[in-house]
């Protein structure tokens with residue numbers, strides 16, 4: 001057990017809370033965490049953005065003798081935290097690459113002399129044995145790892161420098177350690193504990209729910225639609241952050257907003273440290289209303305009045321999306337978080353995945369170039385671009401990832417080159433040939449597979465028409481999550497989605513069992529083997545040659561739902577897809593399989609809502625109309641028309657057309673009033689009263705596509 005358990009408190013947390021922070025009580029969950037830390041236990045804290053994670057280690061630091069080391073990944077984040085503490089007359093400082101070595105030594109001496117209670121340290125400092133030796137004689141009472149998801153290779157923001165922290169902990173005497181993050185799945189939490197080697201740790205996972213955030217995903221087909229929606233949201237909500245996937249897009253969007261007369265800053269990795277720091281400070285000083293940035297911006301940013309967060313492109317994971325969305329509404333007031341979704345944008349994330357996951361051969365190619373280019377001292381000063389060209393690779397991100405992998409395996413060492421914005425490379429085992437590199441190829445493949453699964457889950461959420469917040473909470477392991485009532489799906493019309501009756505729940509479980517029998521269960525989830533059509537045929541008890549030849553008539557679920565009719569089952573499967581119970585795997589042939597949520601429902605869970613098809617609904621609306629498939633952008637355009645009509649009529653949207661009818665319009669795309677009358681849910685009266693605007697949108701859509 002940690003030696004920290006023998007420590008005594010020099011003051012009580014409640015006293016320090018009031019005297020230094022001016023608070024008379026804790027936020028939800030903080031008291032539990034602080035009680036565990038002050039008792040001396042190692043631990044892991046998962047607390048949503050805005051939930052007060054920082055106080056969970058800052059307050060105990062004031063109650064312990066000695067110094068609390070805080071590992072923090074961003075220089076700007078450290079500076080913000082230290083400035084805020086010093087303003088409260090709490091002795092704090094930082095040590096990172098911007099601080100000269102002589103000044104670092106002075107601050108280390110100050111730690112020994114008791115001048116500081118909190119010292120923020122960049123993770124790369126722990127690369128140097130000299131830094132670890134310099135900590136000898138320093139009484140480290142608490143080792144706090146902020147943004148701890150960076151520890152896990154399975155997390156959304158893995159940083160190799162964090163992997164050294166477990167070893168560093170042991171070298172400085174294994175002080176009490178607490179890891180903190182806002183977003184971590186159960187797998188990532190387990191990885192964090194393993195990397196740090198924590199003993200008898202407590203785990204506090206506060207609710208991920210952010211009830212003040214209204215989450216929305218808007219399908220956009222063209223750049224003009226994105227900009228129009230961007231202008232609308234920014235015009236209404238004024239203050240916020242727009243996340244873009246690339247530097248180029250950050251510059252493009254920020255220039256567009258500036259041309260609209262908005263006060264805006266840009267922030268991305270292509271800017272210098274000083275440029276990024278100044279941009280961030282401008283935003284924090286409220287001299288700009290909008291920040292357009294890549295994903296690094298906002299980590300730890302304490303601006304409470306952020307009223308919106310817009311994702312201009314789809315993020316690479318639900319973890320990244322929710323962490324970034326959580327930077328809105330930190331004051332507890334209502335805020336909106338909108339993702340502008342175009343499936344084509346996933347190509348950028350695919351590129352990032354390739355860059356983050358070089359294969360074993362790519363790593364060997366990089367190492368071969370390093371061997372050839374190194375000087376007599378086995379060193380070389382080459383930029384990432386030079387190494388990319390020399391190794392024959394095309395993706396410079398993949399080269400950076402390959403270098404990180406070689407460094408973790410002990411084959412090379414990367415170091416700062418004085419006076420240059422680049423890092424040098426030192427070969428630590430120059431006698432090892434590329435073919436002899438000991439690489440864990442299985443782990444490399446597993447990392448890439450997990451990254452692709454994260455992107456797939458993100459895309460599934462974008463297509464699903466079930467409560468956004470519920471979907472996210474279940475992703476993070478909160479299986480009893482309730483619908484939020486504030487996201488775009490919950491607000492859509494309130495008249496369609498409902499919980500199942502006992503009979504409907506049984507039918508859904510039988511249908512899901514059929515999917516399971518026709519899928520493959522793997523260690524990472526379910527993989528599809530058949531399309532929806534074959535699954536429906538099997539459940540109907542079809543004797544067609546393709547069913548019998550595949551042996552599907554031998555399954556225990558064969559003919560299980562033959563009394564329901566193929567039309568109803570097809571409609572049911574579309575509804576189950578919208579509710580996130582099944583998912584379609586893209587490829588040459590779309591294959592249907594279970595989602596994690598669907599597996600829970602199959603096993604009896606009832607925490608879901610659906611837009612239930614009517615009995616007797618056919619697979620097609622009429623013999624003259626073809627089901628053209630569901631297009632989320634067209635559905636969104638039709639939904640906008642419904643909203644306008646409903647407002648003009650002074651009625652709820654579902655009175656005009658419910659979601660099921662709206663989907664049918666998007667699928668069958670009637671060209672005239674007569675054709676529309678064969679769409680389920682459209683009668684003569686509604687057609688005459690409401691249909692004109694919908695047909696106009698469908699006409700324009702067909703012309704454009």
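Counting residues that are at pLDDT 85 or above, which helices (runs of 4 or more DSSP H) fully inside segment 648-699 reach at least 1?
Counting at least 1 such residues, we get 653-656, 659-668.
Would you mention how many residues in segment 237-270 are part of a loop (DSSP other than H, G, I, E, B) and surrounded by 16 or more Cβ atoms within 10 Å (Cβ to Cβ)?
Looking only at that region, the number is 6.
How many residues does segment 513-535 contain that are closer than 16 Å to residue 598 by Cα and either within 24 Å of the chain's Cα centre (by Cα) or assigned to a strand (DSSP E or B) (or both)?
Residues meeting the conditions: 9.
Return the residue satisfying two criteria in turn: it lies in segment 25-59 and is in a loop (DSSP other than H, G, I, E, B), over 15 Å from residue 201 (Cβ atoms) and touching a helix residue (DSSP H, G or I) at 6+ places or on another chain (Cβ under 6 Å), and of such residues it is modelled with the highest pLDDT.
Per the stated criteria, the residue is 47.
Mind listing just one residue for me: the one in segment 373-393 that is in contact with a helix residue (DSSP H, G or I) (Cβ under 8 Å, 6 or more places away or on another chain) and part of a helix (DSSP H, G or I) and, of those, surrounded by the fewest Cβ atoms within 10 Å (Cβ to Cβ)?
385
So which residues in segment 66-107 are assigned to a loop (DSSP other than H, G, I, E, B), out of contact with any strand residue (DSSP E or B) (no Cβ under 6 Å at 6 or more places or on another chain) and either crowded, with 21+ Cβ neighbours inside 10 Å or touching a residue at least 24 places away in the same chain (Cβ under 8 Å) (or both), if there are any at all?
The answer is 73, 74, 88, 89, 90, 91, 96, 97, 98.
Could you please let me know if residue 403 is touching a residue at least 40 places away in the same chain (Cβ under 8 Å), surrounded by 15 or more Cβ atoms within 10 Å (Cβ to Cβ), outside the structural domain of residue 160 (by TED's automatic domain parsing) and within 28 Å of residue 129 (Cβ to Cβ)?
no
I'd like to check something: does segment 191-198 contain any residue that is in a loop (DSSP other than H, G, I, E, B), in contact with a helix residue (DSSP H, G or I) (Cβ under 7 Å, 6 or more places away or on another chain) and outside the structural domain of residue 313 (by TED's automatic domain parsing)?
Yes, segment 191-198 contains a residue that is in a loop (DSSP other than H, G, I, E, B), in contact with a helix residue (DSSP H, G or I) (Cβ under 7 Å, 6 or more places away or on another chain) and outside the structural domain of residue 313 (by TED's automatic domain parsing).
Quick one: is residue 411 farther than 26 Å from residue 351 by Cα and crowded, with 17+ Cβ neighbours inside 10 Å?
yes
Give all pairs with beta carbons closer than 8 Å in which a residue from segment 254-271 that is closer than 11 Å to residue 241 by Cα meets a residue that is in a loop (DSSP other than H, G, I, E, B); count only pairs at least 6 apart in sequence or on separate chains.
So the pair list comes out as 264/288; 264/289; 265/288; 267/294; 267/296; 267/297.
Which count do you get for residues in segment 580-607 that are under 22 Å from the mean Cα position of the chain (by Cα) and crowded, with 23+ Cβ neighbours inside 10 Å?
Number satisfying all stated conditions: 8.
Rundown of residues vs (1) part of a loop (DSSP other than H, G, I, E, B); (2) more than 15 Å from the chain's Cα centre (by Cα); (3) modelled with pLDDT of 95 or more; (4) over 30 Å from residue 415 (Cα atoms), yes/no style:
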| site | (1), (2), (3), (4) |
| --- | --- |
| 314 | yes, no, yes, yes |
| 319 | no, no, no, yes |
| 324 | no, no, no, yes |
| 345 | no, yes, no, yes |
| 351 | no, yes, no, no |
| 354 | no, yes, no, no |
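Being under 33 Å from the mean Cα position of the chain (by Cα) and more than 12 Å from residue 32 (Cα to Cα) is the filter here, so list the residues in segment 56-67 that pass it.
57, 58, 59, 60, 61
Would you check if residue 138 is touching a residue at least 40 places away in the same chain (Cβ under 8 Å) and part of a strand (DSSP E or B)?
It is false that residue 138 is touching a residue at least 40 places away in the same chain (Cβ under 8 Å) and part of a strand (DSSP E or B).
The values are calculated or read from the model by the stated rules, or taken from the named source; none is laboratory data. Since we're looking at a predicted model, the values are computed, not measured. Backbone-built Cβ (ideal geometry, glycine too); neighbour counts: all protein chains shown.
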